[in-house]
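Visitor: The structure that follows is given in the form of structure tokens.
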Amino acid sequence: MSLILKGGEIATLALDEHLESFESVGAVEEGILAASWSTDESLLVLITGHGNVLLMSSTFDTLSESPLSTTEFGEDAPINVGWGSKQTQFHGSIGKTAAQVAADPQNIGSSPDDDGLPRISWRGDGAFFVVSSLTSTSPGGAPPHRLLRVYNRLGELQSTSEGVAGLESSLSWRPSGNLIAACQRFGAHPGLGKGNEGRHDVVFFERNGLRHGEFTMRTGRWAQSAKTAASGLNYGYRVTELAWNSDSTILSIWVRTETSDILQLWTTSNYHWYLKHEFCLGNRRDVSQADANDHFTHVCWHPEIATKLIVCTKDAICERTYSWDTVVARSAPPNDSGCVLVVDGDSVNLTPFRVQNVPPPMSSFQLTSTVSRVPPVHTFFSSNDDSLGLVWESGHVQIWHLNINLSGARSRVMSPKPLWEGLVEVERLRQGILWKNPEEETWTVVLLGNEGATDVIKSIAFGVSETRCTIGLDSKNGRLLEPLGTQAIYQEQNGTLSNIDLENHNLATTSSFPNFCSSALSNADLFIGLAASGKLFASTPGGECVPIAPGVNSFTLILDFLIYTTVTHQSYYVPLQKLLPLVRAVPNVQMPEWESRRVERGSRIVVATSSSMSVVLQMPRGNLETINPRSLVMDAILKDIESQAYRRAFIAARKHRIDLNVFIDHKPEVFVSKLGLFVDQIDDADFLNLFLSGIGRSAQAADRIAHICDRLRLELESRDIRKYVNTILTTHVVKTPPDYESGLLLLLRLRDEYPEIVEEAIKYIIFLVDADRLFDAALGMYDFSLVLMIAQFSQKDPREYLPFLKELRSHEHFYQRYKIDDHLKRYTKALSSLSLAGEMYFQEALEYVEKHSLYAQAFALWKNDQSKHNAVLNLFGDHLFDRREFDQAAIVFRSCNELRKAMVAHERARQWRETFIVASELRLDAEEIILVAKRLAEDLASRQKFADAGQVILDYGKDVDLSVTYFSQGRHFSEAKRICALHSRNELLEEVVHPAIEHTVSEIQDDIEEMREQIQKQLSRVGELRTRKNLEPGKQCDVHAFYGEEANIHNVDAMTDVSTPFTAFTRYTVAPSLSSQTSKRSQKLKKRNERKAGRKGTYQEEEYLFASVTKLCARFGATQDGTQQLLPHLLALPTGFELARDLEALVLSFQKEMQDAVEEIWNVPSEIPETSESSPNANVAPRPQDKHPRPTVQTSHWNLRMLESLSE
């Protein structure tokens, strides 16, 4: 503790050492006029008697000293560049001459109440401090006046304020740092500001010394003229001190009057300053009843608890903790006005947000109290009607009936009338709640105050008669829960909740909160409380408390929802019917994810109104924002649908853009049965059209949409077709698919029965549906009068449609319909009409069938006319032939007896047996048969079908030489020899067969050499890879890191085109939607990766090697089979024994090589660690051995034992 005396002495007392006397640390010889520690208590600022600013450390070492009075502005002196100066600014009605008028120093003086002492105030972060001091009299005779000088932590002057007339000594720097508060007095006294006599302002300065706003204090009841004021107080009062609370939201003004000291608390919102509270100490009901102990000796705010105020007197220390209350009317629907109250001095500002949204500081109505000019200590609405209660600490109570007008008519929004007024005998009154007794015209007000050291509850029932009761309590500093019904709940300081029994005058504990909740609400089933920590709690009567959410900064409770906002800028909407079972299910209850929406940063709930489905939020600056949460809107709409208030539900859904399918989705059977009531309540064709358009665009099943449209159409037609003609047309076109023809038939009916409305009906349906679609639909009905009617009202160019219609009229009946259907692309109907047009159009019909591939329809139309049916079959065969479906075409041609075409189709299909069967049916001569045989044999040989080619050329081409050649090329040597023997052509053995056998030996030898070279390379590469894995075991788990590649995602199209769905704007247009298209880039990437697979150095190389060896084993097996067939023929050659033995030896040696290679490749050496299939690494690939089973090399006795014996 430090002690700083005016005479200059500085002493300290170590509190932790329990010393009984102060220890002097030094003295300032010239005395000390002011002193202040920095907020971090590391620096001490002193103003000496000689007018110096002395900056010292926490150990009282001098850091800097500078004179207070100086002509310098400071380091932050502004630079004048011409623009922005007073001479260039707009001065309004006072004219340009105001720019030339300079401030007269003679008119800037100090207030008569100024004590002449300097003041010091630090900014909240301790980086700067401000000194307010009087200037000395200048040589020009200018009177002394106050200036503010801002210094940094080094004691260096930063800025100096401009001269302000009448500036007083009180000073306080807002902890947030943006404003410096002081006081300014106005009047006729020399040196004061120019203004009304008695005006007294709190003025604000910025750190650079410039003014930044002000507000006028409300001091009328204390103020006196300077002539009649008592000695010591020139105006009957004096502002002693200003002080900000720790979070910069409340400014306290300490006022000393001739009788007592008074403290005012001011807050600001939306650039307006509100007087929220005013009090003075003492057990009295009027300021005039003061004594000496009612003067304050010190006033300060708690440095950590922002709403805690500490006031000292000569013999007591008083601590007061305040809380923010959002005072709103909480009546249940339909009487929920959403009225909000704001206290501003002796005025109570009221705004019913259900009918008016008036932003603060304005209001719908301003109620001025007739009891006291002091702000009420607490205000409260009745829980079940529009009554309002005001209470003052002195014990005065006033109840008003507001008579709020909820009709929305242009009249007074409310007409308040006093209900009751009285005085309650209590030491200090601080809270109240009110409700109207539902069965009689009486009200009950429950008041909470304190008598001595405990709380006391006062209850007053008034109306027909007045009864009072008092309930004394053992606890203190409790609070009443704001009710939503007719119950009174008292909360103790420890969070215990007790039900107040007004009949028996006692309390019964019903539940509790874990902590005291300054903001708490209750209804019949639930208690909701918000603790200072930001935790929101819920409890039920007789149940345990459940935490709902942390980080909550505001909440409200309405009939069906708990709504709260959080510090993460979210608002949540909790249905009470879901919350109650969870709260009752404690312990271990888990709250689900409630419906939420984002809100602006720092938003807090002001009021929620069920009837208007709205929530009013207040931003940190003070402005308001009204939202309509979907939860509240849907709840109200469903309730209206349930109660069959369809019009109110429809208006709400339309206003808030709710899908009108909600009417169908919620109990569809009931809604369909009440369509008549729905039409009666809506009774507006435009609203009904909107409803039908909504369900037509929905995802409802097509049959359900059609059923509702048909039922509604029948209902409307039975009422008044002329009134609802547009709606009836809508019922036709919103179906899926749209029923345009029924709508057009209705137009024809209107033309005959109600010609006066047909024009508007046509214009409406053209507005609803694309005109071209209607034109086509009318044309498809073959009614030219209807077509002309649509064309005329759709403003189509006659030059476009009249020639077309004229041409159609020129055709006979069925051909005309054919042309219309063809124009409308109704090809099946067009073919049907053309089939009825007559024999002369049959050829055109065949061309139409071929053009549009209508073969199935043509078969059905001419199934009873064989000649025409065969003509269609012939046409269909040609179609199949062109599509290269030769086998199918051959069958069709044979069905219609087109044998020549059938033979050609069989030939193209290489069905040589069927070809010659048909040729025999055609009785072709021998030369034609030979030509066909040669073409077929050549075609079969080109397809490597040498056996079939040899058979065809031998049986039908009669060419033995070519047949032996084909069999030899196909390695069918036994068949070739048989044919030579059969036809006595042994010379062909030497000329064709034996050379072919020797050539086959060469081919097998070349194949084995090629396979040997391939297997050696693959075996070598597998060995290299395994050696590398053994040397780098740390990388083998990541295949991409091992092979030095980046991980590529194959076969994934990173960008795809997504088709555009129909929307409300494209539902009735002809604009086509985009179809999904395959990315060409991904296709190229896929092909490039496929080519890359197996390339040396890629991560797929080893797997490729295993697959390649597997294929090589299969290829070698085929070579072994070919060798087995070739060896007997080799031995029949004169020199064939040596060839056969060498060939067998070659195959056997390579067989051994293949076996050894497979064994080496598929057996993993023990020194190479195997990768785990359960490895968490996403890039670990399965072993190639697991993907490719070990192949088997054929070792059966394919070779000849004779060769083995001879070799031995």
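Visitor: Identify, from the list 850, 927, the residue that is under 30 Å from residue 829 (Cβ atoms) and of a type in the set (Asp, Glu).
Guide: Exactly one of 850, 927 is under 30 Å from residue 829 (Cβ atoms) and of a type in the set (Asp, Glu), namely 850.
Visitor: Also, quick follow-up: Just wondering, is there one or more residues in region 1137-1149 that are in contact (Cβ under 8 Å) with a residue 40 or more places away in the chain, assigned by TED's automatic domain parsing to the domain that holds residue 995, more than 27 Å from residue 995 (Cβ to Cβ) and not in a loop (DSSP other than H, G, I, E, B)?
Guide: no
Visitor: Which residue, of 752, 772, is more than 30 Å from residue 877 (Cα to Cα), more than 52 Å from the chain's Cα centre (by Cα) and charged (D, E, K, R)?
Guide: The unique qualifying residue is 752.
Visitor: Quick one: would you say residue 338 is of a type in the set (Gly, Ala, Ser), within 38 Å of the chain's Cα centre (by Cα) and surrounded by fewer than 23 Cβ atoms within 10 Å (Cβ to Cβ)?
Guide: No, not satisfied.
Visitor: Limited to region 876-928, what total is found for residues that are within 23 Å of residue 851 (Cα to Cα) and among the β-branched types (Val, Ile, Thr)?
Guide: The total comes to 2.
Visitor: Would you be able to tell me the number of residues in region 722-742 that are crowded, with 19+ Cβ neighbours inside 10 Å and touching a residue at least 24 places away in the same chain (Cβ under 8 Å)?
Guide: Counting residues in region 722-742 that are crowded, with 19+ Cβ neighbours inside 10 Å and touching a residue at least 24 places away in the same chain (Cβ under 8 Å) gives 11.
Visitor: Going through region 779-800 one residue at a time, which ones are without any contact (Cβ under 8 Å) to a residue 24 or more places away in the chain and among the hydrophobic types (A, V, I, L, M, F, W, C)?
Guide: Passing the criteria: 787, 788, 791.
Visitor: Identify, please: which residue in region 878-905 is farther than 20 Å from residue 936 by Cα and of a type in the set (A, V, I, L, M) and is, among those, surrounded by the most Cβ atoms within 10 Å (Cβ to Cβ)?
Guide: Residue satisfying both the conditions and the ranking: 892.
Visitor: Within region 34-44, is there a residue that is within 58 Å of the chain's Cα centre (by Cα), modelled with pLDDT of 90 or more and among the acidic types (Asp, Glu)?
Guide: Yes - at least one qualifying residue is present in region 34-44.
Visitor: Can you tell me how many residues in region 489-533 are in contact (Cβ under 8 Å) with a residue 24 or more places away in the chain, assigned to a loop (DSSP other than H, G, I, E, B) and either of a type in the set (Ser, Thr, Tyr) or crowded, with 22+ Cβ neighbours inside 10 Å (or both)?
Guide: Total meeting the criteria: 3.
Visitor: Next question. Is it the case that residue 998 is buried (at least 18 other Cβ atoms within 10 Å of the Cβ) and either assigned by TED's automatic domain parsing to the domain that holds residue 1130 or not hydrophobic (A, V, I, L, M, F, W, C) (or both)?
Guide: no
Visitor: Whether any residue in region 624-645 is among the basic types (Lys, Arg) and under 25 Å from residue 337 (Cβ atoms) is what I want to check.
Guide: Scanning region 624-645, I find at least one residue that is among the basic types (Lys, Arg) and under 25 Å from residue 337 (Cβ atoms), so the answer is yes.
Visitor: Cβ contacts < 6 Å: first residue outside any strand (DSSP E or B), restricted to region 192-219; second residue β-branched (Val, Ile, Thr) and modelled with pLDDT of 90 or more, any location; separation 6+ or different chain. Result?
Guide: Within 6 Å, the pairs are 207/150; 209/160.
Visitor: State which residue is surrounded by the most Cβ atoms within 10 Å (Cβ to Cβ) when the search covers only region 906-943 and only residues that are part of a loop (DSSP other than H, G, I, E, B) and basic (Lys, Arg).
Guide: Here the answer is 910.
Visitor: In region 700-721, which residue that is in contact (Cβ under 8 Å) with a residue 12 or more places away in the chain and not in a helix (DSSP H, G or I) is farthest from residue 662 (Cα to Cα)?
Guide: In the first step, residues of region 700-721 are kept if they are in contact (Cβ under 8 Å) with a residue 12 or more places away in the chain; the result is 700, 702, 704-713, 715-716, 719, 721.
Imposing the further condition that a residue be not in a helix (DSSP H, G or I) reduces the set to 700, 719, 721.
Details: 700: 11, 719: 25, 721: 27 Å.
Among those that are in contact (Cβ under 8 Å) with a residue 12 or more places away in the chain and not in a helix (DSSP H, G or I), it is 721.
Visitor: Residue 636 fails exactly one of the following numbered conditions: (1) closer than 26 Å to residue 352 by Cβ; (2) crowded, with 18+ Cβ neighbours inside 10 Å; (3) in contact (Cβ under 8 Å) with a residue 40 or more places away in the chain. What is the number of that condition?
Guide: Checking residue 636 against (1) closer than 26 Å to residue 352 by Cβ; (2) crowded, with 18+ Cβ neighbours inside 10 Å; (3) in contact (Cβ under 8 Å) with a residue 40 or more places away in the chain, the one that fails is (3).
Visitor: Within region 801-842, which residues are among the aliphatic types (A, V, I, L, M) and free of Cβ contacts under 8 Å to residues at least 40 places away in the same chain?
Guide: Correct list: 802, 805, 808, 830, 831, 834, 836, 837, 840.
Visitor: Right, another one. Given 48, 62, which one is more than 26 Å from residue 175 (Cβ to Cβ), buried (at least 16 other Cβ atoms within 10 Å of the Cβ) and modelled with pLDDT of 90 or more? Spell out the reasoning first.
Guide: On the way: 62 fails: buried (at least 16 other Cβ atoms within 10 Å of the Cβ).
Going through 48, 62 in turn, the sole match is 48.
Visitor: Considering each residue of region 1142-1191, count those that are over 22 Å from residue 1006 (Cβ atoms), hydrophobic (A, V, I, L, M, F, W, C) and at pLDDT 75 or above, and give that number.
Guide: The number of residues fulfilling the criteria is 3.
Visitor: Answer yes or no: is there a residue in region 952-965 that is surrounded by fewer than 20 Cβ atoms within 10 Å (Cβ to Cβ), in contact with an Asp or Glu (Cβ under 7 Å, 6 or more places away or on another chain) and assigned to a helix (DSSP H, G or I).
Guide: No, every residue in region 952-965 fails to be surrounded by fewer than 20 Cβ atoms within 10 Å (Cβ to Cβ), in contact with an Asp or Glu (Cβ under 7 Å, 6 or more places away or on another chain) and assigned to a helix (DSSP H, G or I).
Visitor: Look through region 854-877, keep the residues that are more than 60 Å from the chain's Cα centre (by Cα) and either basic (Lys, Arg) or closer than 13 Å to residue 901 by Cα (or both), and return whichever of them is surrounded by the most Cβ atoms within 10 Å (Cβ to Cβ).
Guide: 877
Visitor: Could you list, in sequence order, all residues of region 978-992 that are among the charged types (D, E, K, R) and either outside any helix (DSSP H, G or I) or closer than 21 Å to residue 940 by Cβ (or both)?
Guide: 978, 985, listed by residue number.
Visitor: Starting from region 862-875, keep only residues that are closer than 9 Å to residue 846 by Cα, then list their pairs with residues that are in a helix (DSSP H, G or I) and among the acidic types (Asp, Glu) whose Cβ atoms are within a distance under 9 Å, requiring at least 6 positions of separation or different chains.
Guide: Within 9 Å, the pairs are 875/850.
Visitor: So which pairs qualify, if the first residue must be in region 550-565 and without any contact (Cβ under 8 Å) to a residue 24 or more places away in the chain, the second must be aromatic (Phe, Trp, Tyr), the Cβ gap must be under 7 Å, and the two must be at least 6 apart or on different chains?
Guide: From residues that are without any contact (Cβ under 8 Å) to a residue 24 or more places away in the chain, the pairs are 552/564.
Visitor: Filter region 443-488 for residues that are of a type in the set (Gly, Ala, Ser) and assigned to a strand (DSSP E or B); which is farthest from residue 517 (Cα to Cα)?
Guide: Looking at the filtered set, the residue picked out is 461.
Visitor: Among strands (runs of 3 or more DSSP E) lying entirely in region 349-424, which contain 1 or more residues that are under 42 Å from the mean Cα position of the chain (by Cα)?
Guide: It comes to 365-368, 378-381, 387-391.
Visitor: Now, a different point. Please state which one of 417, 436 is surrounded by 18 or more Cβ atoms within 10 Å (Cβ to Cβ) and either closer than 21 Å to residue 323 by Cα or not hydroxyl-bearing (Ser, Thr, Tyr) (or both).
Guide: 436 is the lone residue from the list that is surrounded by 18 or more Cβ atoms within 10 Å (Cβ to Cβ) and either closer than 21 Å to residue 323 by Cα or not hydroxyl-bearing (Ser, Thr, Tyr) (or both).
Visitor: Being over 29 Å from residue 773 (Cα atoms), modelled with pLDDT under 95 and crowded, with 18+ Cβ neighbours inside 10 Å is the requirement here; does residue 787 meet it?
Guide: It is false that residue 787 is over 29 Å from residue 773 (Cα atoms), modelled with pLDDT under 95 and crowded, with 18+ Cβ neighbours inside 10 Å.
Visitor: Let me ask something else. Quick one: in region 353-407, of everything that is within 17 Å of residue 426 (Cβ to Cβ) and among the β-branched types (Val, Ile, Thr), which residue is modelled with the lowest pLDDT?
Guide: Going through the qualifying residues, I end up with 371.
The values are calculated or read from the model by the stated rules, or taken from the named source; none is laboratory data. For clarity, every value in this text was computed on a predicted model and none was experimentally measured. No Cβ is skipped: glycine too gets one built from the backbone with ideal geometry, and neighbour counts run over all protein chains shown.
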